[in-house]
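Nothing in this text is a laboratory measurement; each read-out follows from the coordinates by a stated rule. For clarity, every value in this text was computed on a predicted model and none was experimentally measured. Virtual Cβ from ideal backbone geometry, glycine too; neighbours counted across all protein chains shown.
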Amino acid sequence: MDGALKTEALVDETTLRTPPHGLAILLLVGPAFVWSAEYIGTGEVLLATRAGAVLGTAILWAVVVGVLLKYWIGMAGARYTACTGEGMVDLFARVPGPRNWAVWVVLVVQFCAAALSIGAVATACGAFLNRLVPVLPGWWAGWIVAGFAFVIAWTGAFDLLKGVMSFFVLLIVGGALYAAVHVFPGLAALLQSLRFQVPPVAEWATAQGVGTNPWREIMPLLGWGAGGFASQVWYTYWVLGAGYGAAQGRGWGQPADVEALGRMSRASAEKLAGWCKVVYTDATIALVIGVVVTGAFVLSGAGVLRPLQLAPRGDGIQMAGTIASIFSSQWGAIGGTLLGQLAGWPRLLADAFRLAIPAVHRRFEWKTQFRFFLILFFGTNMAIVYVMQRNPIGIVQTAAILDGILLTALQALWVGLGLFVVLPRLLPREAWDVLRPSPVFAVGLAVGFIVFGFLTVTEAIPQILALLG
């Protein structure tokens, strides 16, 4: 679609798709399944199961808090995308301050997080697939799963990605619920677990090498509940791929048409408001899936592994064998996460390079940059899987803190600025009056900023410094 048609789609309500209403909205739900399948993998199968085994059901509150706060960030960013037609990284480029300062912060931190996180997921995939097919060495198994994810991500086709990820969601939800039902502790115990408690690490767990600081187990769970920083960015990409609202026909790797947004009519804004309701439904489905599945794996770890005094350790084969007693399809779950990460991180970094280093974008089209990062991370996957296959738990925990906690407070702040400061500058008054977000978004994002900011200062930075030391 050329630029003229894109402009018309934004300023002419006759060319902007009419949003669905009522139950018809469910027929267009799609980004939620990609988002859910991407983030309910390592965070749930590995981190939630281990946390349940080490700390019991008392930390279920961390699941609810982590997923709920990320839900507001992801949904607010997706709402911005549906109203403007550009992804979250372009939003970062528009926040007040020096030119592209936020994009540079994202570029530096997320480049490191991407290599470590994708490698961690591939390592875990290899450990699980090795358990299911013992004749395959762990590193070969990791390469096989990474190769499958690479091929799907290379196509760039959203419908194919949506179909594969929806299949993974069905596998994960079914297996997690099956396991949780068999170890359900009762309604009274479940409600008790929602109190803000930080239980001590059991002595039997410390004897197996688990640290005495319970936050070492809770922090990764908070960090990758509903995905980390990158997952909220990727959710805006899946909204672009689905063509919600102003994202209709635009695709990836380009900023909003500011001139067209400045001419938006009230009738077009009313249609976009209808598409915002689609975003709310879609994101809420991802919220429900995330809380239920993550909670189910905590219950499984507490109900199956804790009575046996088994804590999944850093040894990849031992970890796979321990968790295999709960759910035999774990590698499929984190296979979905690996696919989501290989589809998402190259897009994020390609956008960051496009904005931070315009000369690269002038020389290479966005799709070429995306595939360059895809090849780069596939190569780092192979190296990390081979070198670090014996310690997937430690790698995953470190990646969860780096990606899930370190920048999330800033992300909540930036998205809030995007909705309440940037968006009204892009739209005419009559359109802004229609698309003005509810104050509930400001509250949700403010709470996310405060909570993750506190965790960053008190827990994440000290843990990262300790690891570096």
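Students often check this: by mean Cβ neighbours within 10 Å, which of 22-29, 293-300 ranks highest, and how do the rest follow? Show your work: numbers first, answer last.
Numbers: 22-29: 12.1, 293-300: 28.9.
Final packing ranking: 293-300, 22-29.
Gain in length, T458 to L26, computed as 0.36 nm per residue apart minus the alpha-carbon separation, to one decimal in nm?
On the way: separation 432, 0.36 × 432 = 155.52 nm, distance 4.11 nm.
Gain in length upon complete extension: 151.4 nm.
Order of 50-58, 188-196, 90-98 by packing, highest average Cβ count within 10 Å first?
Working: 50-58: 26.1, 188-196: 12.8, 90-98: 18.3.
Per-residue mean Cβ counts within 10 Å order the peptides as 50-58, 90-98, 188-196.
For the stretch 188-239, what is the convex hull volume of the alpha-carbon atoms per residue, in Å³? Don't skip to the end; give the middle numbers.
Values: hull volume 6.6 nm³, N = 52.
Taking only Cα atoms, the stretch 188-239 has a hull volume of 127 Å³ per residue.
Quick check on the exposure proxy: order S231, S36, S265 from fewest to most C-beta atoms within 10 angstrom. List each step's numbers first, then the result.
On the way: S231 25, S36 28, S265 17.
So the residues, fewest neighbours to most, are S265, S231, S36.
Any number yet on Rg/Rh for the stretch 55-100, C-alpha, Kirkwood?
Details: Rg = 15.6 Å, Rh = 12.8 Å.
Dividing the radius of gyration by the Kirkwood radius yields 1.23.
Quick one: order Y80, Y235 by neighbouring beta-carbon count within 10 Å, fewest to most. If you can, show how the numbers build up before the last one.
On the way: Y80 30, Y235 33.
Fewest-to-most ranking of Y80, Y235: Y80, Y235.
Quick check on the exposure proxy: order W35, W414, W104, W275 from fewest to most C-beta atoms within 10 angstrom. Write out the running numbers ahead of the final one.
On the way: W35 32, W414 24, W104 16, W275 27.
Ordered from fewest to most neighbouring Cβ atoms within 10 Å, W35, W414, W104, W275 come out as W104, W414, W275, W35.
Work out from phi, with θ = phi - 60° and the Karplus expression 6.51 cos²θ - 1.76 cosθ + 1.60, the ³J(HN,Hα) of each residue of the stretch 202-208, listed in order in whole Hz, and give x for Gly and Pro.
Each residue of the stretch 202-208 in turn: 5, 4, 5, 6, 5, 5, 8 Hz.
Could you tell me the ratio Rg/Rh of the stretch 235-287? Both radii from Cα atoms, Rh via Kirkwood. Before the final figure, lay out each step's value.
Values: Rg = 11.9 Å, Rh = 12.0 Å.
Value, to two decimals: 0.99.
Report the gain in length on full extension from E270 to T368: 0.36 nm times residue separation, minus Cα-Cα distance, nm rounded to one decimal. If you can, show how the numbers build up before the last one.
Working: separation 98, 0.36 × 98 = 35.28 nm, distance 3.63 nm.
31.7 nm is the gain from fully extending E270 to T368.
Give me the net charge of L240's neighbourhood, meaning all other residues with Cβ under 10 Å from the Cβ of L240; Lys, Arg count +1, Asp, Glu -1.
Working: positive: R250, R347; negative: E86.
Summing Lys/Arg as +1 and Asp/Glu as -1 gives +1.
List, in order, the whole-Hz ³J(HN,Hα) value for each residue of the stretch 22-36 obtained from phi through the Karplus relation with A = 6.51, B = -1.76, C = 1.60 and θ = phi - 60°; use x for Gly and Pro.
Rounded to whole hertz, the list is x, 5, 4, 4, 5, 6, 9, 5, x, x, 4, 6, 5, 4, 5.
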